[in-house]
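Read through the structure below, which is laid out as structure tokens, and then see the notes.
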Amino acid sequence: MITTGFSEVIAERLANEHALLAARWFAPLHDLLPVAANEVFPSDSLLDHIPSLIVDVSQYLRAPEDQAIAANTQVVEKARELGKLRHQQRASLHQVLREYQLLGAILMRFVEDEANRMEQAPAPSECVAVTSRLHHAVAVLLQETVETFVGLYTQTITEQSERLRQFTRMATHEWRQPLAPIMTAGGT
């Protein structure tokens, strides 16, 4: 386990400020995504996922170092749901990547602010350990979201390609039918 006092302080502060941090993340998303502000997270359940995702990240900071955040099925499922939502909203991969870049920046700024607020500054190694864990958590969330997002786009492209192949086969067949008597009559 990360046994530093700083990691425990940050984990507790993240949990306490999860709603504020979620709001800070949400604020720039409506400018980033190709949807109206009320559609960035269109349902209460998805809107609730974001603050709880931050609480999950805070719990990860308290977890043993060898415990991966990817082992938390709730966290992984929330990230996948976000990937599905962004696919439905026809966001770009760039927008999804940028979304997590914003989250990472907000969390890192939060850690910096908390470190500066403390009467006794944490050791640099403690700051590095906490920011490393946060960076890892955001990277795992990003990976799960992007894999879901790209998987759905790949599936969509495959389905559209198959429909196009079927249409081409049907059109080719239909075009040949009226031409067959003409070609036979012409001796071709």
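The values are calculated or read from the model by the stated rules, or taken from the named source; none is laboratory data. What you see is a predicted model; the values in this text were computed from it and never measured. Every residue, glycine among them, receives a Cβ derived from its backbone with ideal geometry; neighbour counts consider all protein chains shown.
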remark   = Among helices (runs of 4 or more DSSP H) completely within the range 1-116, the ones holding 1 or more residues that are modelled with pLDDT of 90 or more and within 22 Å of residue 147 (Cα to Cα) are 44-62, 73-88
query = Does residue 138 satisfy the condition of being in contact with a Cys (Cβ under 9 Å, 6 or more places away or on another chain), in a helix (DSSP H, G or I) and touching a residue at least 24 places away in the same chain (Cβ under 8 Å)?
reply = no
remark   = Note on the range 98-121: residues exposed (fewer than 15 other Cβ atoms within 10 Å of the Cβ) and either without any contact (Cβ under 8 Å) to a residue 40 or more places away in the chain or closer than 23 Å to residue 152 by Cα (or both) are 101, 105, 109, 112, 113, 116, 117, 119, 120, 121
ask   = What number goes with the only condition from (1) free of Cβ contacts under 8 Å to residues at least 24 places away in the same chain; (2) closer than 30 Å to residue 13 by Cα; (3) of a type in the set (Ser, Thr, Tyr) that residue 168 does not pass?
value = (2)
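Got a number for residues in the range 46-90 being small (Gly, Ala, Ser), surrounded by fewer than 19 Cβ atoms within 10 Å (Cβ to Cβ) and either touching a residue at least 60 places away in the same chain (Cβ under 8 Å) or closer than 22 Å to residue 110 by Cβ (or both)?
Summing the residues that are small (Gly, Ala, Ser), surrounded by fewer than 19 Cβ atoms within 10 Å (Cβ to Cβ) and either touching a residue at least 60 places away in the same chain (Cβ under 8 Å) or closer than 22 Å to residue 110 by Cβ (or both) in the range 46-90 gives 4.
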message = Against the conditions (1) surrounded by 12 or more Cβ atoms within 10 Å (Cβ to Cβ); (2) farther than 22 Å from residue 152 by Cα, where does residue 128 fall short? Just the number, please.
response = (1)
